[in-house]
Amino acid sequence: PEPPLRLLPILGPSGCGKSSLARAGLIPELARHPLPGKSQARVAVLVPGTHPVEALATVLARVATSDQTPVAKTKEFEQVLKETSDTNTDTITYDGLRRIANVLPEIAVSPLVILVDQFEEVYSLCEDKKERQIFIENLIHAAGDRAGCVSVIITLRSDFLGETQRH
C-alpha cells in the first residue's frame, strides 16, 4: 500500500486566521509536543511569492547551515530541487526536497516540518507554470516518502481550492 501523505492543509476564507493558527498555534505546539517517536521538529516557514522554488531553497539552506543569508547554499539547493530523479519510469519526479531532507543531520529523530503559508501565491503570484509544478511536486514527493522525514503544512484560501485539483 501507498504510505500516508504527511500533508496538512489549513483551509479557509481570506482573513479568517489561517496563518495565525499555523504560526502562533500549531508550530509552537509542535515544538512543545513533537511528532510521536521524534525528539523534536525542525520547522521551515516560507511564503511562496513569485519564485516558490527559490523560497523553498532559501529556508532549506537556513536549516542546513544555521545562516540567515546562505546565498551559495540557496543556489545549490535550488538546482537540486529543479533536478528530476534518475528513475527508469516514464514519469518525471522532482525529489530534490526528499534528497536534501534525508541528508540533514539527525533527520531520523528531528524531522523537517515545512509550513507553506499563503500557498495560494503559487497560483496568484508565480507566473511560471514549470516552477509551480516543480515546487508542488517536490512537496508532495517528500511528504509521501516512506522514510517520513518531511511533513508539509499549507495554509490556503478556500477560493483557491479548485486550483489544487490539478496536482
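The values are calculated or read from the model by the stated rules, or taken from the named source; none is laboratory data. Note that this is a predicted model, so its numbers are computed, not measured. Cβ atoms come from the backbone with ideal geometry, glycine included; neighbour counts cover every protein chain shown. Note: accessible area is taken over every heavy atom of the protein model, side chains too, but ligands, DNA and RNA are not part of it. Shrake-Rupley method; radii C 1.70, N 1.55, O 1.52, S 1.80 Å.
Any idea what diffusion coefficient segment 1-114 gets from Stokes-Einstein, in µm²/s, Kirkwood Rh on alpha carbon pairs, 25 °C, 0.890 mPa s?
154 µm²/s
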When the charge dipole of the chain is computed with +1 on Lys and Arg Cβ and -1 on Asp and Glu Cβ about the Cα centre, the Cα farthest towards its positive end, among 136, 20, 50, belongs to 20
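Please report the carbon-and-sulfur percent of the accessible area for segment 1-151; probe 1.4 Å, protein heavy atoms only, DNA, RNA and ligands left out.
On the way: 4390 of 8090 Å².
Whole-percent figure for carbon plus sulfur exposure: 54.
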Rounded to whole angstrom, the alpha-carbon centroid of segment 65-122 lies from that of segment 1-40 at a distance of 19 Å
Residue separation between residue 68 and residue 27 times 0.36 nm, minus their alpha-carbon distance, gives in nm 12.8 nm
Result for the chain: accessible area per residue, probe 1.4 angstrom, in square angstrom, of 54 Å²
Output for segment 69-160 (equivalent-ellipsoid semi-axes, sqrt of 5λ from the C-alpha gyration tensor, Å, descending) is 21, 17, 15
Over 24 Å (Cα to Cα) among 73/130; 38/130; 18/130 -> 38/130; 18/130
Relative contact order of the chain (C-alpha contacts under 8 Å, at least 6 apart) in percent is 34 percent
When the chain is treated as a Gaussian network with springs between alpha carbons less than 10 Å apart, the largest mean-square fluctuation among 134, 100, 92 is found at 92
With the 8 Å Cα cutoff and a minimum separation of six or more residues, segment 90-167 has a relative contact order in percent of 45 percent
Note to self, the chain gives a 222 nm [θ] from helices alone (DSSP H runs n ≥ 4, -39500 (n - 2.57) apiece, / all residues, nearest 500) of -10500 deg cm²/dmol
